[in-house]
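Here the structure is laid out as structure tokens; the discussion comes afterwards.
The numbers here are math on the coordinates, done by the rules we state, and not lab data. None of the values given here were measured: they were computed from a predicted structure. All Cβ positions, even for glycine, are placed from backbone atoms using ideal geometry, and neighbour counts span all protein chains on display.
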Amino acid sequence: MKRFLYGLTVLQLVACTAKQNSASDNAASYSTDGKKVTVYTTADSSSYRLSLTDTLEFIEKGQPFENEIMVFVDPGKSFQSFLGVGAAITDASAEVFAKLPEAAQQEFLTAHFDKQNGIGYTVARTNINSCDFSSDMYTYVADGDKELKTFTIDHDRKFKLPLIKAAMKAAGGSLNLFASPWSPPAWMKDNNNMLQGGKLKPEYYDAWAMYYTKFIKEYEKENVPVWGISIQNEPMAKQRWESCIYTAEEERDFLKNHLGPTMHKEGLQDKKIIVWDHNRDLIYQRAQTYFNDPEASKYIWGIGFHWYEDWSGGQPMYDNLRRVYESFPDKHIFFTEGCAESFDSTRYNAWVLGEEYGRSMINDFNNGMTGFTDWNILLDETGGPNHVQNFCFAPVHADTRTGKLIYTNAYYYIGHFSKFIQPGAKRISASASRSQLLTTAFQNTDGSVAVVVMNQSSKPTDFMLWINGKAANTKALPHSISTYLIK
């Protein structure tokens, strides 16, 4: 196929144009006439937590003046589709859930998965073999069983599968569940250890590829459909917990020569395959390596990423997502993990926990992200359990001594997206005229528009929500996030 500048094929160029202009026919037709704006707010130093705080109406408003603060929304310019928001159901999460009294379990399920009374999660992730947030190290096969004849998911039947099934039921019957390995079994690796990195030995490439298919089929025998897989969690990180190293070329070649063909041969070609599953810093080099190889690219649904590249005090590399979105518009960009590290139970009420989520989600959506998956959906009062003491925050913790749930403000910040933006929505153009306000917007399939506005500053900010020559007057409270739902 003839190629254009910057490596875009004709089809990719068309896809890119379609992404940017798919709603252009609606630009002039979108009207705020008869529509009201319902405002939901979470704010520091207040009792507002996803609270209904106002109802607004639009008035005529032409050219804004220089001193007026505005959030401009253009439903006529649309971009990527919204997949959904969710979190990881790890061994740790499932073990903590099992310790809760029944009433607290139901509260937790409703809070996360109920579309009316909770925040409506539609995505979940789980681990293949153990990860750091497991109480023990385990695999699904006996040592040396290259034929995988001993493969069993009995370990997951005790805690993980019951919670996943309960979450599916609370979500209305289904979730987009994807699964990720942290490490192959130790005997498949060159360091003979599930921990401390190491690499998959070439003689086990086919056995490891089959391992994913066994996992998917065994879960589906349990009536738990698996939407997709990622190839490897954090493939460039040598960790003191379960980890395995792949260069971009190694991951690409494992996919195109082993995993992809095996998934097809086993009748699992409909399952989504996610590459990278690591930080934003190296995402472009990895994307370029995978997607410029047509034999690898044909198997890939999208590229996953985490937010930990700023751990040493740097700035999040949001623009790196935009480079991938611009260059490979036919692929999805999917957030697969993030959390606040260094757990400290005295910081449950620290407002920065939620602001980290809000800032990341707004910027990442504006740079092409299609969906967001938080890390552990639930942890205990120690930030675990974790078999290597790598404790961290979750948006919700359970005090297993009292059976009570503890909601950090991160739960509410995430909810400002997951509760009001529906799967299948299209991101639309949104822009603030002052830097203290961060904003993104989506148009849902029912025609409603959800505009998220976050005030990062300690000052209240009066502004106007402006659409096609009409505006609604409102205010962003200090250190707050609001969703403006226009119907």
Taking 409-419, 180-190 and ranking on average Cβ neighbours within 10 Å, highest first, one gets 409-419, 180-190
The range 84-420 - percent relative contact order, Cα under 8 Å, separation 6 or more: 20 percent
So what is the relative contact order for the range 237-309, in percent, with contacts set as C-alpha pairs under 8 Å and at least six apart? 37 percent
Mean separation of Cα pairs under 8 Å and 6+ residues apart, divided by the residue count of the range 104-178: what relative contact order is that in percent? 36 percent
Counting pairs on different chains as well as pairs 8 or more places apart, how many Lys pairs in the range 95-209 have Cα atoms under 27 Å apart? 24
If you take mean projected area of the Cα convex hull in nm² from the coordinates, which of (1) 29.8; (2) 28.5; (3) 23.1 do you get? (3)
Calculated from backbone phi, Karplus (6.51, -1.76, 1.60) coupling profile of the range 141-147 in Hz, x at Gly/Pro: 9, 6, 4, x, 7, 5, 7
Based on alpha-carbon centroids, what's the gap between the range 246-314 and the range 373-449 in Å, whole number please? 25 Å
Looks like the range 165-275, by Cα gyration tensor root eigenvalues a ≥ b ≥ c and the a/c under 1.5 rounded cutoff (else prolate when a/b is bigger than b/c, oblate otherwise), is prolate
